[in-house]
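I have placed the structure first, in the form of structure tokens, so that the comments after it can refer back to it.
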Amino acid sequence: MLIMNVLFIGFALVMWWSYQDYSAYLRNIVNLQKPLLVFHKQQSALFFVWVPMMSALITINIEVFYVRLMKKRVPPLMAKLQKVATWVMFLGVALAVFGNQLINPAWSETFKEAGYSRCNTVIVRANKQFFNDAWVLEPADCYDRGLKQILHEDHGKRGFEKGARYLEKKHEFLQSREAVHNPGAGL
């Protein structure tokens, strides 16, 4: 029983930490004003994983303690608590699956306020488009074939960083080219 409790609590903590780590990663990209941000829509649902895990833990512990260890019926008050915890567990599972719909609008607003535009093009592989949004600082980058190729080849953190570096170099080149062709434009 102790091992089960540790596993449930450990799993909930790992999921919570994963969400916090991903949130810090997104905030870092926004703060650094990286030209590309690929947002995993389902990742924000990890915020809610602790709800079903803790509810299941309460439900199971009550059952194991009274029925298995003490060999008694669950007292009425504990039975009510167990029933409430079971309903909270089902609610928690729904939040873990669909909770991103509650958090993602806040992330979208954060990205918009930071100057990002969401790509409505298939810049991310079509089979990944359902679970990911690409956000860019320059809306024209949503149509960049080089970026699309990079993201199609490697749809992971390394590919996103490679795509951001590609866009940084592209924009630096365009700015230096503009400065050469219009030397007085910067004044």
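The values are calculated or read from the model by the stated rules, or taken from the named source; none is laboratory data. Note that the structure is a prediction, hence the values are computed from the model and not measured. Note that each Cβ is placed from the backbone with ideal geometry, even for glycine, and that neighbours are counted across all protein chains shown. The protein model used for the area step is the full one, side chains on, heavy atoms only, and it has no ligands, DNA or RNA in it. Shrake-Rupley method; radii C 1.70, N 1.55, O 1.52, S 1.80 Å.
Going through region 136-149 one residue at a time, which ones are of a type in the set (A, V, I, L, M) and open to solvent by 20 Å² or more (accessible area, probe 1.4 Å)?
Listed by number, the residues that qualify are 137, 140.
Is it fair to say residue 6 is of a type outside the set (Phe, Trp, Tyr), part of a helix (DSSP H, G or I) and surrounded by fewer than 18 Cβ atoms within 10 Å (Cβ to Cβ)?
Yes: the conditions hold for residue 6.
Which of the following residues is under 16 Å from the mean Cα position of the chain (by Cα) and under 30 Å from residue 169 (Cα atoms): 46, 36?
Result: 36 is the single residue among 46, 36 that is under 16 Å from the mean Cα position of the chain (by Cα) and under 30 Å from residue 169 (Cα atoms).
Of everything in region 68-95 that's open to solvent by less than 50 Å² (accessible area, probe 1.4 Å) and of a type in the set (A, V, I, L, M, F, W, C), which residue is farthest from the chain's Cα centre (by Cα)?
74
Listed residues 96, 56, 79; which is over 19 Å from residue 8 (Cα atoms) and part of a helix (DSSP H, G or I)?
The conditions single out 79.
Within region 109-116, identify whether any single residue is at pLDDT 95 or above, open to solvent by less than 80 Å² (accessible area, probe 1.4 Å) and of a type in the set (S, T, N, Q), and answer yes or no.
Yes, because at least one residue in region 109-116 is at pLDDT 95 or above, open to solvent by less than 80 Å² (accessible area, probe 1.4 Å) and of a type in the set (S, T, N, Q).
Of everything in region 17-41, what is surrounded by 12 or more Cβ atoms within 10 Å (Cβ to Cβ) and farther than 17 Å from residue 107 by Cα? Give them in sequence order.
Passing the criteria: none in range.
Answer yes or no: is there a residue in region 47-58 that is in contact (Cβ under 8 Å) with a residue 12 or more places away in the chain, exposed (fewer than 14 other Cβ atoms within 10 Å of the Cβ) and closer than 30 Å to residue 163 by Cα.
The answer is no, given that none of the residues of region 47-58 is in contact (Cβ under 8 Å) with a residue 12 or more places away in the chain, exposed (fewer than 14 other Cβ atoms within 10 Å of the Cβ) and closer than 30 Å to residue 163 by Cα.
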